[in-house]
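The values are calculated or read from the model by the stated rules, or taken from the named source; none is laboratory data. Owing to the predicted nature of the structure, the values given are computational and were not obtained by experimental measurement. Reconstructed Cβ throughout: ideal geometry from the backbone, glycine too, with neighbour counts over all protein chains shown. Surface accessibility is based on the protein's heavy atoms, side chains included, excluding ligands, DNA and RNA. Shrake-Rupley method; radii C 1.70, N 1.55, O 1.52, S 1.80 Å.
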Amino acid sequence: MGVRIGKVTNVYPDTGKVKVMYEDEGNASLPLPMLTMNQEYSMPVVGDWVITVHMENGSSKGFVLGTYYGGSIQPKTDTGYRKDFGEGAYVTCKDGKYLLFAGEVVLKCHYGEITLKEMMQRIERIEDRLGLPHTL
């Protein structure tokens, strides 16, 4: 097996594959499947550096292990857990406490959907009717 480092040039989100340019040889791979961790969907973006593994029977057969930290890509936290979802949304976990950071949170079930803001407003109206102090 051959391990290589390259830069993502194309992303194919519908197939879970990316095309990688290897600057040392000046050539690009065929679309390679991304390694998945527990079926979590997380595709790199064009320009990300990735580590690839190619089978010995030809460089066209292989897969992308994932991105790595280094250069301009540095961890966004140094403790606990952080998962970025894109567009500024992310979740952190530290000391068993999960925090979700997002512009808008929508809860959806078979009854329908509601934003977290709408839910908090409903709770405040109920607290007002009952003469209770607001919980926040």
>> Restricting to region 94-117, and then to whatever is surrounded by 13 or more Cβ atoms within 10 Å (Cβ to Cβ) and not small (Gly, Ala, Ser), can you tell me which residue is modelled with the highest pLDDT?
In response: Ile114
> How about region 34-90: which of its residues are among the hydrophobic types (A, V, I, L, M, F, W, C) and not in a loop (DSSP other than H, G, I, E, B)?
Replying inline: Met34, Met37, Trp49, Val50, Ile51, Val53, Phe63, Val64, Leu65, Ile73, Phe85, Ala89
>> Return the pair list, or none, for Cβ contacts closer than 7 Å from residues in region 97-111 that are of a type in the set (Lys, Arg) to residues that are not in a strand (DSSP E or B), at least 6 apart or on different chains.
In response: none
>> Tell me yes or no: at least one residue of region 30-51 is among the polar types (S, T, N, Q) and either closer than 13 Å to Ile5 by Cβ or in contact with a helix residue (DSSP H, G or I) (Cβ under 7 Å, 6 or more places away or on another chain) (or both).
In response: no
> Applying the selection to region 1-22, what residues are open to solvent by 60 Å² or more (accessible area, probe 1.4 Å), more than 16 Å from His54 (Cβ to Cβ) and either touching a helix residue (DSSP H, G or I) at 6+ places or on another chain (Cβ under 9 Å) or part of a loop (DSSP other than H, G, I, E, B) (or both)?
Replying inline: Pro13, Asp14, Thr15
>> If I ask for residues that are under 28 Å from the mean Cα position of the chain (by Cα) and either on the phi > 0 side of the Ramachandran plot or part of a helix (DSSP H, G or I) (or both), which ones from region 97-127 would you list?
In response: Gly112, Leu116, Lys117, Glu118, Met119, Met120
> What is the residue count in region 53-68 for residues that are without any contact (Cβ under 8 Å) to a residue 40 or more places away in the chain and surrounded by fewer than 10 Cβ atoms within 10 Å (Cβ to Cβ)?
Replying inline: 2
> Where residues in region 33-45 are more than 18 Å from Ile73 (Cβ to Cβ) and polar (S, T, N, Q), which of them is least open to solvent (accessible area, probe 1.4 Å)?
Replying inline: Thr36
> Condition test on Leu30, is it over 30 Å from Val105 (Cα atoms), outside any strand (DSSP E or B), hydrophobic (A, V, I, L, M, F, W, C) and open to solvent by 60 Å² or more (accessible area, probe 1.4 Å)?
Replying inline: yes
>> So Val91 passes all but one of these: (1) over 23 Å from Met43 (Cβ atoms); (2) surrounded by 11 or more Cβ atoms within 10 Å (Cβ to Cβ). Which condition number does it fail?
In response: (1)
>> Based on this model, can you work out whether Gly80 counts as modelled with pLDDT under 80, open to solvent by 60 Å² or more (accessible area, probe 1.4 Å) and either farther than 28 Å from Gly103 by Cα or within 13 Å of the chain's Cα centre (by Cα) (or both)?
In response: no
